[in-house]
Amino acid sequence: MKKTRSSFEQVLITSHLLKWTALTIPVALTAGSLVALFLWLLDEVTRIRHQHGWLLYLLPLAGVLIWALYKYLGKNAEAGNNLIMDEIHEPGGGVPLRMAPLVLATTIITHLFGGSAGREGTAVQIGGSLAGQLGKWFRLNKEDVKIMLTTGIAAGFGAVFGTPLTGAIFALEVLTIGRISHKALLPCLMASVLADITCSAWQIHHTHYHIAIHEAVNSTVSFIHFDFVLLLKVILAGICFGLAGYGFSTLSHNIKKYSTRFITRPWLVPLTGGLIVIALTMLLGTTDYLGLGVTNPDPNSVSIVSSFTEGGAGYFSWFWKLLFTAITLGMGFKGGEVTPLFFIGAALGNTFASLTGAPVDLLAGLGFIAVFAGATNTPIACTIMGVELFGGEYTLYYAVACFTAYYFSGHSGIYQSQRLAGAKTDNLQYHGQTLKDIRHGQNKNAGK
């Protein structure tokens, strides 16, 4: 009987893959198309904001509008990415379809009026809400709904950054720190690749980055084929990147916690946040830290792209972007965290390179992916992102920077619903807990 069953195993596997191919196609096509619309709108409102600087002064009112939209239309949709993760871990009420249009509209509002935010969170929520709705329509069981939601994350992430392999691995790695389940491996890959193709078919173009250094092998040992001194600098930089990821996630969560505690009327929270962003912009005398920050029409401005060149970022550019984004997202505005993390990392890498004599473009690229790795606890996905964005020549440095940042970010992260399969160190026991549990001191096993 066992022999007969095993002989038909490949038939069952083929049937399983055909089933998930059929289920994945509508998720990828719809998510890829909506992400394309979102990216086009984002480019348009960013262009409008650059042309009309006075829009920044309406940011507080925009914050109140976002609050009102979620209060009267959002229900549980405001939980965003964390709701999708919770539904994957423990299916409950489901992910509402309203999440997609709400987060798309409110993210566009945030960017139009100058809030410092990203786009990944929006794309992931679009993919997750669509996948959740399709799961209801197809009447899938709980286990299949989990896979469906995971493919939604992969589709959204792969399409919004043009990194399909990263999207697939990210969707699997981000759910549980220290463990990757392979059950949804192929469905996630199919969803991410097809969503990226769909997004590109709508003539959406992603920013291209390039690392152009040609390092000399300084080692006197014939079997070491890398610059050992540069590797040491990358390790030190990885520590800084991890601490930056920790600082961002901690600051943004604390701003959210204390602003809602001390500002008693909820609509005043985003209004106050908008006023603080305006005040900081006037204090610094620059709009460099508003919006996405990928590029800027002003050739003298600081952006992600400029950070890849010598002198393209100031020593504290990374800090200001961190502060602007933590205030924006912590006080009620909508958007993702990842693109600002790219800015923070690239600018910090530029600063580190300037201080240590390391290649600027390489360190900017490493910061780009490593701060993200530390803040999301996804070092493998971020290493692969380095290969997809910058090429595979410096993969060793990508891995060292991302893995180091992952450890030095500690048990923190921007996604509070992430669960731990195990602690990052042996003397801590956090198995099965969420980052939210750890943050609130609900760990009962620490130190055992």
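Can you give the accessible area of VAL193, probe radius 1.4 Å, in Å² rounded to 10?
So the heavy atoms of VAL193 present about 60 Å² to solvent.
For the chain, with every protein chain kept in place, what is the accessible area per residue (1.4 Å probe, Å²)?
43
GNM on the chain, C-alpha springs below 10 Å: top fluctuator among ASN300, ASN76, ASN377?
Of ASN300, ASN76, ASN377, the most mobile in the Gaussian network model is ASN300.
In region 302-394, which GluC sites (Glu not before Pro) fall in coil by DSSP and have 15 or fewer other Cβ atoms within 10 Å?
When the GluC sites (Glu not before Pro) of region 302-394 are filtered for loop state and at most 15 Cβ neighbours within 10 Å, GLU310, GLU393 remain.
Could you order HIS411, HIS50 so the one with the most accessible surface comes first? Probe is 1.4 Å.
Sorted descending by solvent-accessible area, the residues read HIS50, HIS411.
Let me cross-check ILE414: its accessible surface, 1.4 Å probe, with only protein heavy atoms counted, in Å² to the nearest 10?
10
If the chain were replaced by its equivalent ellipsoid, with semi-axes equal to the square roots of 5 times the Cα gyration tensor eigenvalues, what would those be, largest first, whole Å?
That gives 32, 29, 22 Å for the three semi-axes.
Residue by residue through region 231-237, what is 3J(HN,Hα) from phi via Karplus (6.51 cos²θ - 1.76 cosθ + 1.60, θ = phi - 60°)? Round to whole Hz and write x for glycine and proline.
4, 4, 5, 5, 4, 4, 5
Quick check: with the 1.4 Å probe, what order do THR404, THR378 take by accessible area, largest first?
Ranking THR404, THR378 by accessible area, largest first, yields THR404, THR378.
Between their Cα atoms, which of LYS233/LYS436; LYS75/LYS142; LYS136/LYS334; LYS71/LYS257; LYS257/LYS436 are more than 24 Å away from each other?
LYS233/LYS436; LYS136/LYS334
If Lys and Arg each add +1 and Asp and Glu each add -1, what is the summed charge of the other residues whose beta carbon sits under 12 Å from the beta carbon of MET385?
Cβ neighbours under 12 Å give a net charge of -3.
Provide LYS19, LYS75, LYS436 ordered by accessible surface of protein heavy atoms (probe 1.4 Å), highest first.
Ranked from most to least accessible, the order is LYS75, LYS436, LYS19.
Could you tally the net charge around THR339, taking each other residue with its Cβ under 12 Å from the Cβ of THR339, Lys/Arg +1 and Asp/Glu -1?
Computed value for this residue: 0.
Carbon and sulfur atoms: what percent of the 1.4 Å accessible area of the chain do they account for?
Answer for the chain: carbon and sulfur cover 64 percent of the accessible area.
Once amide H atoms are built 1.01 Å from N in the peptide plane, which residues 5 or more positions from GLY336, or in another chain, come under 5 Å H to H?
GLY118, ARG119, GLU120, GLY121, THR122
Restricting to DSSP H runs of at least four residues, report the calculated mean residue ellipticity at 222 nm for the chain, -39500 (n - 2.57) per run over all residues, nearest 500 deg cm²/dmol.
Using -39500 (n - 2.57) per qualifying helix, the result is -21000 deg cm²/dmol.
Report the Cα centroid-to-centroid distance between region 125-165 and region 71-103 in angstrom, as an integer.
Here the two parts' Cα centres lie 13 Å apart.
Please list, short to long, the whole-number percent of alpha-carbon pairs of region 124-168 in consecutive 10 angstrom bins beginning at zero.
34, 47, 18, 1
Near the amide H of ILE177, under 5 Å away, which other amide H atoms are found, from residues 5 or more places off or on another chain, if H is placed in the peptide plane?
The list, which skips near neighbours in sequence, is ARG419, LEU420, ALA421.
When all protein chains stay in place, what accessible area (Å², nearest 10, 1.4 Å probe) is found for ILE255?
Accessible area, nearest 10 Å²: 30 Å².
Which one of TRP137, TRP20, TRP267 has the biggest mean-square fluctuation once the chain is modelled by GNM with Cα springs under 10 Å?
Greatest mean-square fluctuation among the candidates belongs to TRP137.
Given a 10 angstrom Cα cut-off, can you work out which residue in PRO340, PRO379, PRO60 is the most mobile in a GNM of the chain?
Residue with maximal mean-square fluctuation among PRO340, PRO379, PRO60: PRO60.
Among residues other than ALA155 whose Cβ falls under 14 Å from its Cβ, what is the net charge (Lys/Arg +1, Asp/Glu -1)?
With Lys, Arg at +1 and Asp, Glu at -1, the neighbours total -2.
The values are calculated or read from the model by the stated rules, or taken from the named source; none is laboratory data. Quick caveat, the model's predicted, so the values are computed rather than measured. All Cβ positions, even for glycine, are placed from backbone atoms using ideal geometry, and neighbour counts span all protein chains on display. These accessible areas exclude ligands, DNA and RNA; they are computed on the full protein's heavy atoms, side chains included. Shrake-Rupley method; radii C 1.70, N 1.55, O 1.52, S 1.80 Å.
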